[in-house]
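Any read-out appearing in this document is the output of simple, stated calculations on the displayed coordinates, not a laboratory observation. Note that the structure is predicted; figures quoted are calculated from it, not measured. Quick reminder, even Gly has a Cβ in these numbers, built from the backbone with ideal geometry, and neighbours come from all protein chains shown.
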Amino acid sequence: MSDMNAILEPGMLVRHPERPDWGTGQVQSNIGGKITVNFREEGKVVIDGKRVLLLLVHE
């Protein structure tokens, strides 16, 4: 799997494919494949970009 998460930058909006209940999240940082996202319903979560492909939200 190519690292599509590498394009994610702070401010971008994303969704977690396996946790739709978390709502839309805003990327806070993307450092070494560890992506920190502040989700509307879940709060701040650090995601391993090598294991989860976040979905870009176009709003």
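For the stretch 29-54, enumerate the residues that are part of a strand (DSSP E or B) and surrounded by 15 or more Cβ atoms within 10 Å (Cβ to Cβ).
N30, I35, T36, V37, F39, V45, I47
Restricting to the stretch 4-19, count the residues that are under 10 Å from L55 (Cβ atoms) and not in a strand (DSSP E or B).
Matching residues across the stretch 4-19 total 3.
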